[in-house]
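In what follows, a single structure is set out as structure tokens and then discussed.
What follows draws every value from the coordinates through simple rules; no lab data is involved. Predicted, not measured: the structure shown is a model, and the values here were computed from it. Neighbour counts are summed over all protein chains in view; Cβ atoms, including those assigned to glycine, are modelled from backbone coordinates with ideal geometry.
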Amino acid sequence: MKKAFILLLFIMTGCAHKSAAPVIHITLINNQQSLQLTGLDAAILAEIGRDSSIAAWQSLVPVYRMPVDTDMKDYQKPQPGKYDVKDSVVVFTPDTPFLKQQTYFVRYYLFEQHNTTMDYLNSDKKIGEQQHMDLIFKQ
């Protein structure tokens, strides 16, 4: 009986753990040639900020050009460019300037969500499938 109560307590604790999605803001800066991202998790920024490789940044906040057929957006290659961190602000400057009237999106991977077994059971996502949030902008 005592073991069942402890198990029930662990399950309830897992169900109660809900992390809210961060509030990410994107802004075009430098004459609309760079993208500024604010509101990213400070711990994740500190960890990725130590690695200057573009692959590390593209694992967190890749920038993509929106295809005409938006059903194909999961199959786009990330925009090449440079990521800079200043305090808690990330600035992305693409290798080629953003095109006028072209729609782009930033995909922010939600690494901090669905950390418990109960989170996966209560969602429609599968283990190993990473959740993300797409932030759309236009030059």
What does the C-alpha gyration tensor say about the overall shape of segment 25-91? Classify as rounded when a/c is under 1.5, otherwise prolate if a/b is larger than b/c, or oblate. prolate
Just to be sure I understand the model, the point goes 7 Å from the Cα along the line to the Cβ. What's the resulting K77 to D95 distance in nm? 0.8
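What does the charge count near F105 come to, summing +1 for each Lys or Arg and -1 for each Asp or Glu among other residues with Cβ under 9 Å from its Cβ?
Numbers: positive: R65, K73, R107; negative: D134.
With Lys, Arg at +1 and Asp, Glu at -1, the net is +2.
For the residues M66, M133, what sequence is obtained by ranking on other C-beta atoms within 10 Å, fewest first?
Details: M66 17, M133 14.
Listing M66, M133 from fewest to most nearby Cβ atoms yields M133, M66.
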Can you pull the one-decimal nm distance between simple spin-label points at A56 and H25, each 7 Å off the Cα toward Cβ? 2.6
Linear extension gain, Q32 paired with E47, 0.36 nm per residue minus alpha-carbon span: 2.6 nm
